[in-house]
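Before any comments, here is the structure.
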Amino acid sequence: MASRRDLHRLKLMHGIRQVRRADAEQQMAGARRSREVAEQAVERCRDQTEQASAEWREHLAAGAFDPLFSRGFADQIMLRVSDEQLAQGRAEAAARVVERSEQGWRQRQAETLASELGLKQAAQRHERVREERRTEALADRITYQWVKP
């Protein structure tokens, strides 16, 4: 049987689990924002790489081929490709963080739902016991009234 004290403790534990779930939701939202920023950085780097490649192609298409300019364009393309790879690595890391935070949130959600169910069942048991006690007390009064001299 769940006493009032037990019921109160269950309510407090459920409240703690709700707070933990809310914290997990915040962490998940932050991780998702970080992933979006990282993905945007990848797109920016890709665009810059494409732009550097286009400048290189324009230089090659021009009639005058200057080796110094060519070397500069090649260095810029290599730098952009390197930046893109780094940004891609950060985006992949952010995606892993999102997955872990979502897994943590699912765990907290399950704990909260289980706590909610346990609390509901304990409250129902507590109410059922109280109702049985009231019924017994009423039955005792009625019986006393019948047998009273």
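The values are calculated or read from the model by the stated rules, or taken from the named source; none is laboratory data. In this text the structure is predicted, and so the values were computed from the model without any measurement. Here the Cβ is made from the backbone with ideal geometry for all residues, glycine too, and neighbour counts use every protein chain on show.
Key figures
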| item | result |
| --- | --- |
| Search result, residues across the range 116-137 that are loosely packed, with under 14 Cβ neighbours inside 10 Å, among the aliphatic types (A, V, I, L, M) and under 23 Å from Gly15 (Cα atoms) | Leu117 |
| Exclusive hit being of a type outside the set (A, V, I, L, M, F, W, C), touching a residue at least 60 places away in the same chain (Cβ under 8 Å) and either farther than 30 Å from Val98 by Cβ or exposed (fewer than 15 other Cβ atoms within 10 Å of the Cβ) (or both), set Ser34, Ser3 | Ser3 |
| Count of the range 67-115 residues which are surrounded by 14 or more Cβ atoms within 10 Å (Cβ to Cβ) and farther than 22 Å from Glu39 by Cα | 10 |
| The range 1-44, residues that are part of a helix (DSSP H, G or I) and among the hydroxyl-bearing types (Ser, Thr, Tyr) | Ser34 |
| Identity of the residue in the range 69-88, over 38 Å from the mean Cα position of the chain (by Cα) and at pLDDT 80 or above, that ends up farthest from Val42 (Cα to Cα) | Arg71 |
| Extreme residue, farthest from Gln27 (Cα to Cα), among residues of the range 45-96 that are of a type in the set (Asp, Glu) and in contact (Cβ under 8 Å) with a residue 12 or more places away in the chain | Glu55 |
| Sole exception among (1) surrounded by fewer than 13 Cβ atoms within 10 Å (Cβ to Cβ); (2) part of a helix (DSSP H, G or I); (3) at pLDDT below 85 for Gly63, by number | (2) |
| Conditions (1) touching a residue at least 40 places away in the same chain (Cβ under 8 Å); (2) surrounded by fewer than 15 Cβ atoms within 10 Å (Cβ to Cβ); (3) farther than 30 Å from His8 by Cβ; number of the one not met by Val42 | (2) |
